[in-house]
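The values are calculated or read from the model by the stated rules, or taken from the named source; none is laboratory data. What you see is a predicted model; the values in this text were computed from it and never measured. Neighbour counts run over all protein chains shown; Cβ positions are idealised from the backbone, glycine included.
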Amino acid sequence: MARLVVIAPGRGSYNRTELSYLKRFADHPRAAARAELAAQADGFRAKLGRSTISELDGATSYSPRTHLPGENASALIYTCAAADLAMIDPSHQIAATLGNSMGWYIALHAGGALSFEQGFKLIETMGYFQKGNVLGGQVIYPVVDETWQADADREAAVMAAIEEVCALGEDHWVGLSIRLGGLLVLAGTDLGVKALLGALPKVKMGPNEYPFQLARHSAFHTHIMRDTSSRALYQLNGLTWGQPKIPTIDGRGYIWRPQRTDFGDLQDYTLGHQVVEPYDFSASLRVALREYNPDHLVLLGPGETMGGAIAQVIIAEGWRGIDSKSAFIAAQKDKAPPLISMNRKEQAQLII
């Protein structure tokens with residue numbers, strides 16, 4: 001038996017290489033549970049007259065126009081992540097769960113505060129709010145160097161660029177959206193994002209060039225989403241909440257504990273605070289490492305785009321003596337790697 005902390009992905013984790021993700025592990029004894037979740041999701045979407053999850057996942061080719069928008073991506077990612085969760089052997093102990101941004105909704109299901117159906121209703125509603133209604137945008141930028149060590153000069157450059165853009169006026173507002181390991185997600189108005197892309201120094205890390213704007217993303221976790229938050233609090237007031245069965249760590253690093261959670265407070269945080277205030281994924285993972293010290297961190301699929309950010313938090317913490325990019329890469333080659341990505345079959349097989 002292993003002690004696990006389960007991490008749910010956010011938007012941008014389902015890409016071209018993830019097509020047919022729900023058909024993975026088809027030869028596994030628990031594949032039936034995976035198929036059942038997909039069927040439930042299809043039923044929910046069909047009743048709403050929308051493309052089913054199986055149609056999206058089973059498409060012959062990946063289409064950014066179809067797969068990237070929040071009204072499709074959110075529910076697709078939720079279903080894939082929940083299907084991965086269902087594959088974990090129950091002999092393992094899930095000590096805590098957390099997620100990044102949209103992954104908070106998945107973490108609520110993983111922790112037991114929401115059933116699969118109620119979690120789907122939440123994520124489908126929030127995702128569909130984005131249909132033809134993308135508000136502002138998000139930009140991503142690194143504040144670590146090529147070895148994944150904190151770079152104070154880069155962070156200072158970000159703060160200077162934010163100050164420079166905001167000085168242009170209210171219609172150019174930009175600010176922090178998400179702390180994601182060694183990356184900052186910045187968000188703002190359309191004009192603010194455009195100016196920020198020009199104000200930030202150009203940086204190349206590995207194959208990626210920064211800054212770049214995340215496609216079809218609203219300025220989540222900022223005041224720009226206040227109307228979205230109010231709409232969600234009204235339309236989702238009937239969600240059925242339960243006590244978390246597993247400690248669930250939010251975007252402040254706060255732990256929602258079994259038998260100690262007030263449902264009203266949890267709903268207010270989920271549909272209020274975390275929609276309009278910065279989301280600190282780094283803090284949530286830091287709390288998980290310190291409080292629960294698992295044998296493995298488990299990143300649910302689809303994809304594994306968050307792997308680097310998770311590693312950067314591990315390095316910043318010096319968890320298990322991992323204090324550099326090279327040390328993390330070496331640890332991942334061990335027979336018991338610190339991070340298990342469900343997207344990688346050889347790693348997933350360690351816990352399913």
Open item on the list: Residues that are in contact (Cβ under 8 Å) with a residue 24 or more places away in the chain, among the β-branched types (Val, Ile, Thr), part of a strand (DSSP E or B) and under 23 Å from Ala288 (Cβ atoms): does region 100-109 have at least one?
Closed with: no
Open item on the list: Just to verify a result, which residue in region 33-52, among those that are part of a helix (DSSP H, G or I) and among the aliphatic types (A, V, I, L, M), is nearest to Ile351 (Cα to Cα)?
Closed with: Ala33
- [ ] Starting from residues that are among the aliphatic types (A, V, I, L, M) and touching a residue at least 60 places away in the same chain (Cβ under 8 Å), keep the ones in region 53-81 and report whichever is farthest from Gly112 (Cα to Cα).
- [x] Leu68
Task: Enumeration of residues in region 12-32 that are assigned to a helix (DSSP H, G or I) and within 23 Å of the chain's Cα centre (by Cα) - done: Arg16, Thr17, Glu18, Tyr21, Leu22, Lys23
Open item on the list: Go through (1) among the basic types (Lys, Arg); (2) closer than 13 Å to Asp84 by Cβ; (3) surrounded by fewer than 16 Cβ atoms within 10 Å (Cβ to Cβ) for Arg34 and report which single condition fails.
Closed with: (3)
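Conditions (1) in contact with a Phe, Trp or Tyr (Cβ under 7 Å, 6 or more places away or on another chain); (2) outside any helix (DSSP H, G or I); (3) not assigned by TED's automatic domain parsing to the domain that holds Asp323, marked per residue:
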{"residue": "Leu98", "(1), (2), (3)": "no, yes, no"}
{"residue": "Ala113", "(1), (2), (3)": "yes, yes, no"}
{"residue": "Gly119", "(1), (2), (3)": "yes, no, no"}
{"residue": "Ile123", "(1), (2), (3)": "yes, no, no"}
TODO: Output the number of residues of region 110-159 satisfying the condition of being closer than 19 Å to Thr222 by Cα, in contact (Cβ under 8 Å) with a residue 24 or more places away in the chain and hydrophobic (A, V, I, L, M, F, W, C).
DONE: 8
- [ ] For Ile53, work out the one condition from (1) within 27 Å of Tyr254 (Cα to Cα); (2) buried (at least 24 other Cβ atoms within 10 Å of the Cβ) it doesn't fulfil.
- [x] (1)
- [ ] Filter region 106-131 down to residues that are of a type outside the set (A, V, I, L, M, F, W, C) and touching a strand residue (DSSP E or B) at 6+ places or on another chain (Cβ under 9 Å) and give me whichever is nearest to Ser229 (Cα to Cα).
- [x] His109
TODO: Please identify the pairs in which a residue from region 188-217 that is without any contact (Cβ under 8 Å) to a residue 24 or more places away in the chain has its Cβ atom under 8 Å from the Cβ atom of a residue that is of a type in the set (Ser, Thr, Tyr), counting only partners at least 6 apart or on another chain.
DONE: Lys202/Tyr210; Lys204/Tyr210
- [ ] Might you check whether a residue that is assigned to a helix (DSSP H, G or I) and either assigned by TED's automatic domain parsing to the domain that holds Ala8 or surrounded by 15 or more Cβ atoms within 10 Å (Cβ to Cβ) (or both) occurs anywhere in region 197-214?
- [x] yes
Open item on the list: For the structure I just gave you, tell me whether Ile106 is outside the structural domain of Asp262 (by TED's automatic domain parsing) and either of a type outside the set (Gly, Ala, Ser) or surrounded by fewer than 21 Cβ atoms within 10 Å (Cβ to Cβ) (or both).
Closed with: no
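Quick grid of which residues meet (1) surrounded by 21 or more Cβ atoms within 10 Å (Cβ to Cβ); (2) within 23 Å of Ala232 (Cα to Cα):
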{"site": "Pro64", "(1), (2)": "no, no"}
{"site": "Leu85", "(1), (2)": "yes, no"}
{"site": "Ser91", "(1), (2)": "no, no"}
{"site": "Leu98", "(1), (2)": "yes, yes"}
{"site": "Glu117", "(1), (2)": "no, yes"}
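Matching residues to (1) in contact with a Pro (Cβ under 7 Å, 6 or more places away or on another chain); (2) within 24 Å of Gly12 (Cβ to Cβ); (3) surrounded by fewer than 19 Cβ atoms within 10 Å (Cβ to Cβ):
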{"position": "Ile249", "(1), (2), (3)": "no, yes, no"}
{"position": "Arg260", "(1), (2), (3)": "no, no, yes"}
{"position": "Leu285", "(1), (2), (3)": "no, yes, no"}
{"position": "Arg290", "(1), (2), (3)": "no, no, yes"}
{"position": "Leu297", "(1), (2), (3)": "yes, yes, no"}
{"position": "Pro338", "(1), (2), (3)": "no, yes, no"}
